[in-house]
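Asker: Can you read through this structure? Questions will come right after.
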Amino acid sequence: MATNKLTAVAIRKATLGNGPKKRSDGHGLFLLLKENGAKYWRYAYDFAGSEKLLSFGVWPNVSLKEAREKHLAARKLLAQGVDPSAARKEAKAVSVVTADSFEAVALEFLDIKRAEWSVPHATRWLERLQKDVFPWIGSKPLAEVTAPMLLQTLRRVEARGVRETVHSICQSCGQVFRYGVATGRCERNPASDLRGALRPVLVKHMAAIVEPQEFGFLLRAISDYQGSLVTRIGLQLSALTFQRPGNLRAMQWAHLQLEGTAAWTIAAAEMKRSRYGKENGRPHVVPLSRQAVELLREIWPLTGHGKYVFPSLHGQGRCMSENTINVALRRLGYGKDVHSAHGFRSSARTLIVERLNVAPDVVEAQLAHMKSGPLGSAYDRAEFLQQRRDMMQEWADYCDLLRDGAKPSIRKGQADIRGAKLTHRSPRLTPRHAPSGPLNP
């Protein structure tokens, strides 16, 4: 039985001029010397009656130790009846498939999009694919995924009854295939062939009251709410500011300006925007009506010592639970199919445009809705701040009218609303009610 003969020194000194062309290390492993001075590792072996040759690389990129490790692994395969050369070809084929697989291309696409996508969106995008797509077609080469194959994958999701999720996943898959076409990993996008094959999304808007008199009943019920003062004011400010529930419950005292031109400033990072918008966008300024300021002054003695205007009822430095406002609405008798926390946005949007005749663009700016289209946010930077200040006060006055039972008609001019006589108005806070803390951060 041959034994190892080569040493690191002998390999370094080996040339065609001082010895044979092949320098054996035993058991079929040898160093092949070339005229140009290159030194190649080779393994000669027999398999199924045929002589085979396997390459282990070039010295010194592959050291003597590394060559022996490769040699030992090949001999183990041979002992198991496996051709080392065939095993290497299969491994290379798997490597190529993995590089061009649906999962690999999807992850590559995600790495590119992370720069512009928000972290929550990127996380949700990946989690959906990991859960419902990768287990079925993730390992398949992108070019081999057909429309029927993708449809079968999506049918599994559809069977759970989550139709909107199915369409979102199909859209994500389409993004991966389009990227694959652009990078030469596939020739077409099979997701586009599924148009009409998936069950349609049953659009369900957030429950909201948009009829003036019914909205007045809701405001009256909120004013009479017998639960926590924090929750009651949270409900009232939901109606007066109509911002996203997540932003409202995370409102901080440090972000409020209650003296002079009252406003609530929401940092760009806290808004529903793309990652670029969160990192580079302007903060969203919410003008506060007189009534909103009075409510904030009312709650100041209770929560003004902390960070949040609406702290969690369970403490621990957190803000109000996302369920608090909706649970309070249920206690008032408003089911989830009648009105929701998010519904205040729809109520305000509808009533302000239809009853106060405010330009939709001004209301959309207050709702922090970005203009659609690729150039919308780039060229339309109007914030309508002064118009929104006027609108927010007019909206608050209109809410008072509805709460107190007035039935104002659709306005033809501002006098129609402002000239209406109120039967009851919330009293202005006298100086003794005002908090002594810093309300002008």
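The values are calculated or read from the model by the stated rules, or taken from the named source; none is laboratory data. Please read all numbers here as calculations on a predicted model, not as lab measurements. Counting neighbours? That spans all protein chains shown, and the Cβs are built from the backbone with ideal geometry, glycine included.
Asker: Output the qualifying pairs, or none if there are none: Cβ atoms under 7 angstrom, residues six or more apart or on different chains, first residue in the stretch 336-355 and free of Cβ contacts under 8 Å to residues at least 24 places away in the same chain, second residue surrounded by fewer than 17 Cβ atoms within 10 Å (Cβ to Cβ) and in a helix (DSSP H, G or I).
Answerer: Pairs that qualify, where the first residue is free of Cβ contacts under 8 Å to residues at least 24 places away in the same chain and the partner is surrounded by fewer than 17 Cβ atoms within 10 Å (Cβ to Cβ) and in a helix (DSSP H, G or I), are 353/360.
Asker: From the list 345, 330, 297, 349, exactly one residue is within 30 Å of residue 113 (Cβ to Cβ), modelled with pLDDT of 90 or more and in a helix (DSSP H, G or I). Which is it? Reasoning before the result, please.
Answerer: Numbers: 330 fails: within 30 Å of residue 113 (Cβ to Cβ); 297 fails: within 30 Å of residue 113 (Cβ to Cβ); 349 fails: within 30 Å of residue 113 (Cβ to Cβ).
None of the other options fit; the residue is 345.
Asker: With respect to residue 89, determine if the residue is outside the structural domain of residue 270 (by TED's automatic domain parsing), loosely packed, with under 15 Cβ neighbours inside 10 Å and over 22 Å from the mean Cα position of the chain (by Cα). Even if it seems obvious, please write down each step before you answer.
Answerer: On the way: outside the structural domain of residue 270 (by TED's automatic domain parsing): yes; loosely packed, with under 15 Cβ neighbours inside 10 Å: yes; over 22 Å from the mean Cα position of the chain (by Cα): yes.
Considered against the rule, which asks whether it is outside the structural domain of residue 270 (by TED's automatic domain parsing), loosely packed, with under 15 Cβ neighbours inside 10 Å and over 22 Å from the mean Cα position of the chain (by Cα), residue 89 comes out as yes.
Asker: Can you pull out the residues in the stretch 104-133 that are under 13 Å from residue 173 (Cβ atoms) and not in a helix (DSSP H, G or I)?
Answerer: Listed by number, the list holds a single entry, 133.
Asker: Condition (residue is touching a Ser or Thr at 6+ places or on another chain (Cβ under 8 Å), closer than 25 Å to residue 199 by Cβ, surrounded by 15 or more Cβ atoms within 10 Å (Cβ to Cβ) and small (Gly, Ala, Ser)) applied to the stretch 131-140: is it met by at least one residue? Give the steps one after another, and end with the answer.
Answerer: To start, the set of residues in the stretch 131-140 that are touching a Ser or Thr at 6+ places or on another chain (Cβ under 8 Å) comprises 132-133, 136-140.
The next check asks that each one be closer than 25 Å to residue 199 by Cβ; those that pass are 132-133, 136-138, 140.
From what is left, the residues that are surrounded by 15 or more Cβ atoms within 10 Å (Cβ to Cβ) are 132-133, 136-138, 140.
The next check asks that each one be small (Gly, Ala, Ser); those that pass are 138.
So far as the stretch 131-140 goes, yes, one or more of its residues are touching a Ser or Thr at 6+ places or on another chain (Cβ under 8 Å), closer than 25 Å to residue 199 by Cβ, surrounded by 15 or more Cβ atoms within 10 Å (Cβ to Cβ) and small (Gly, Ala, Ser).
Asker: Could you run through the stretch 336-353 and say how many residues are among the hydrophobic types (A, V, I, L, M, F, W, C) and surrounded by fewer than 18 Cβ atoms within 10 Å (Cβ to Cβ)? Step through it out loud before you land on a result.
Answerer: At the first step, the residues of the stretch 336-353 found to be among the hydrophobic types (A, V, I, L, M, F, W, C) are 338, 341, 344, 348, 351-353.
Applying the additional criterion that residues be surrounded by fewer than 18 Cβ atoms within 10 Å (Cβ to Cβ) yields 338, 353.
The qualifying residues number 2.
Residues are listed down the side, and each one gets a yes or a no for (1) closer than 24 Å to residue 188 by Cα; (2) touching a helix residue (DSSP H, G or I) at 6+ places or on another chain (Cβ under 8 Å):
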site: 105; (1), (2): yes, yes
site: 115; (1), (2): no, yes
site: 119; (1), (2): no, yes
site: 125; (1), (2): yes, yes
site: 128; (1), (2): yes, yes
site: 135; (1), (2): yes, no
site: 138; (1), (2): yes, yes
site: 143; (1), (2): yes, yes
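Asker: What are the residues in the stretch 22-39 that are more than 26 Å from residue 78 (Cα to Cα), of a type in the set (D, E, K, R) and at pLDDT 85 or above, if any?
Answerer: 34
Residues are listed down the side, and each one gets a yes or a no for (1) more than 30 Å from residue 299 (Cβ to Cβ); (2) among the acidic types (Asp, Glu):
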site	(1), (2)
161	yes, no
176	yes, no
194	yes, no
199	yes, no
214	no, yes
228	no, no
232	no, no
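Asker: Sticking with this structure for a sec: For the stretch 146-161: of the residues being of a type in the set (D, E, K, R) and in a helix (DSSP H, G or I), which is nearest to residue 194 (Cα to Cα)?
Answerer: Of the stretch 146-161, the ones of a type in the set (D, E, K, R) are 155-156, 158, 160.
Narrowing further to those that are in a helix (DSSP H, G or I): 155-156, 158.
Numbers: 155: 11, 156: 15, 158: 13 Å.
Going through the qualifying residues, I end up with 155.
Asker: Being part of a helix (DSSP H, G or I), surrounded by 16 or more Cβ atoms within 10 Å (Cβ to Cβ) and of a type in the set (A, V, I, L, M, F, W, C) is the filter here; which residues of the stretch 162-189 pass it?
Answerer: 166, 169, 170, 173, 176, 177 - these are the residues of the stretch 162-189 that are part of a helix (DSSP H, G or I), surrounded by 16 or more Cβ atoms within 10 Å (Cβ to Cβ) and of a type in the set (A, V, I, L, M, F, W, C).
Asker: Quick check: is even one residue across the stretch 325-332 under 15 Å from residue 239 (Cβ atoms), touching a residue at least 24 places away in the same chain (Cβ under 8 Å) and of a type in the set (S, T, N, Q)? Before the answer, list the steps.
Answerer: Residues of the stretch 325-332 that are under 15 Å from residue 239 (Cβ atoms), as a first pass: 325-326, 328-329, 332.
Still in the list and also touching a residue at least 24 places away in the same chain (Cβ under 8 Å): 325, 328-329, 332.
Okay, now just the ones that are also of a type in the set (S, T, N, Q), so none.
Looking through the stretch 325-332, none of the residues is under 15 Å from residue 239 (Cβ atoms), touching a residue at least 24 places away in the same chain (Cβ under 8 Å) and of a type in the set (S, T, N, Q).
Asker: Would you check if residue 330 is over 20 Å from residue 271 (Cα atoms) and not aromatic (Phe, Trp, Tyr)? I'd like the intermediate steps shown before the answer.
Answerer: Numbers: over 20 Å from residue 271 (Cα atoms): yes; not aromatic (Phe, Trp, Tyr): yes.
Taking the combined requirement at face value, the residue satisfies it.
Asker: Sticking with this one: Restricting attention to the stretch 174-201, which residues are closer than 18 Å to residue 154 by Cβ and of a type in the set (S, T, N, Q)?
Answerer: 175, 189, 192
Asker: How many residues are surrounded by 13 or more Cβ atoms within 10 Å (Cβ to Cβ) and either outside any loop (DSSP other than H, G, I, E, B) or in contact (Cβ under 8 Å) with a residue 40 or more places away in the chain (or both) if we restrict to the stretch 306-320? Write out each step before concluding.
Answerer: Just the residues of the stretch 306-320 that are surrounded by 13 or more Cβ atoms within 10 Å (Cβ to Cβ), to begin with: 306-312, 318-320.
Imposing the further condition that a residue be either outside any loop (DSSP other than H, G, I, E, B) or in contact (Cβ under 8 Å) with a residue 40 or more places away in the chain (or both) reduces the set to 306-311, 319-320.
Total meeting the criteria: 8.
Asker: If you don't mind, there's one more thing I want to ask. Can you say whether residue 186 is at pLDDT 95 or above and either assigned by TED's automatic domain parsing to the domain that holds residue 109 or acidic (Asp, Glu) (or both), as far as the supplied structure shows? Give the derivation first.
Answerer: On the way: at pLDDT 95 or above: no; either assigned by TED's automatic domain parsing to the domain that holds residue 109 or acidic (Asp, Glu) (or both): yes.
No, not satisfied.
Asker: On the basis of being crowded, with 17+ Cβ neighbours inside 10 Å and within 48 Å of the chain's Cα centre (by Cα), does residue 125 make the cut?
Answerer: On the way: crowded, with 17+ Cβ neighbours inside 10 Å: yes; within 48 Å of the chain's Cα centre (by Cα): yes.
Answer is yes for this residue.
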